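Below is one structure, written out as structure tokens; comments come after it.
The values are calculated or read from the model by the stated rules, or taken from the named source; none is laboratory data. Computed from a predicted model, the values in this text were never measured in an experiment. Accessible surface is based on the protein model in full, side chains and every heavy atom, while ligands, DNA and RNA are left aside. Shrake-Rupley method; radii C 1.70, N 1.55, O 1.52, S 1.80 Å.
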Amino acid sequence: MDARILEKIISLRHELHQHPELSMHETATKRRLIGFLRENTELEIVDMGRWFYAVHRCGTEGARRIAFRADFDAVAVNEECVLPYASLVTGVAHKCGHDGHSAALCGLACETERRG
């Protein structure tokens, strides 16, 4: 992975970790992920309300399709780890890893875009 993209993905993951949102309340998280993809890719973003997806068109008619997905909600637990990017929301944390899953999928989108 391109080092510049990797740094962006790490920063995104830390940002998501600091600002967790519970299931069905992920408005800021969804907005941030869509913003990241718009800033760093030319993917087509389709906003479905509570969730979204991004489309990469390879340009080959009839090409096989593959989908990747990631949840981006957090859970109702206190952050117990001492991290410089620990949750800033009392009683809510990304203990499920969805912040990492979402950031990794954004990294995959950037690499897919970069490699054509």
- Query: Cα axis of helix 3-18 to longest principal axis of the chain: angle in degrees, 0 to 90, nearest 10?
  - Reply: 40 degrees
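On full extension of the chain, what length is gained from Glu42 through Arg4, given 0.36 nm per residue of separation minus the C-alpha to C-alpha distance?
12.0 nm
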- Query: How long is the gain from Ser11 to Glu61 if the chain were fully straight, where each residue apart is worth 0.36 nm and the alpha carbon distance is subtracted?
  - Reply: 14.4 nm
- Note on the structure: For the stretch 19-35, in residue order, the Karplus 3J(HN,Hα) values (coefficients 6.51, -1.76, 1.60; θ = phi - 60°; whole Hz; Gly and Pro = x) are 10, x, 9, 5, 3, 6, 10, 8, 5, 5, 5, 4, 4, 5, 5, 4, x
- Task: Multiply the residue separation of Cys81 and Arg50 by 0.36 nm, subtract the distance between their alpha-carbon atoms, and state the gained length in nm to one decimal.
- Result: 8.2 nm
- Table column - 3J(HN,Hα) (Hz), the stretch 73-80, Karplus curve with 6.51, -1.76, 1.60, x for Gly and Pro: 8, 10, 10, 7, 9, 7, 6, 10
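Tally up the carbon and sulfur contribution to the accessible surface of the chain as a whole percent, 1.4 Å probe, everything protein left in place.
53 percent
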- Which residue, Leu16, Leu33, Leu88, has the most motion in a Gaussian network model of the chain that connects Cα atoms within less than 10 Å? Leu88
- Taking amide hydrogens as modeled 1.01 Å from N in the peptide plane, which residues meet the under 5 Å criterion relative to Ala74, leaving out close sequence neighbours? Glu21, Leu22, Ser23
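Over all distinct Cα pairs, what is the inverse of the mean 1/r for the chain, reported as the Kirkwood hydrodynamic radius in Å?
When all Cα pairs of the chain are included, the Kirkwood radius is 14.9 Å.
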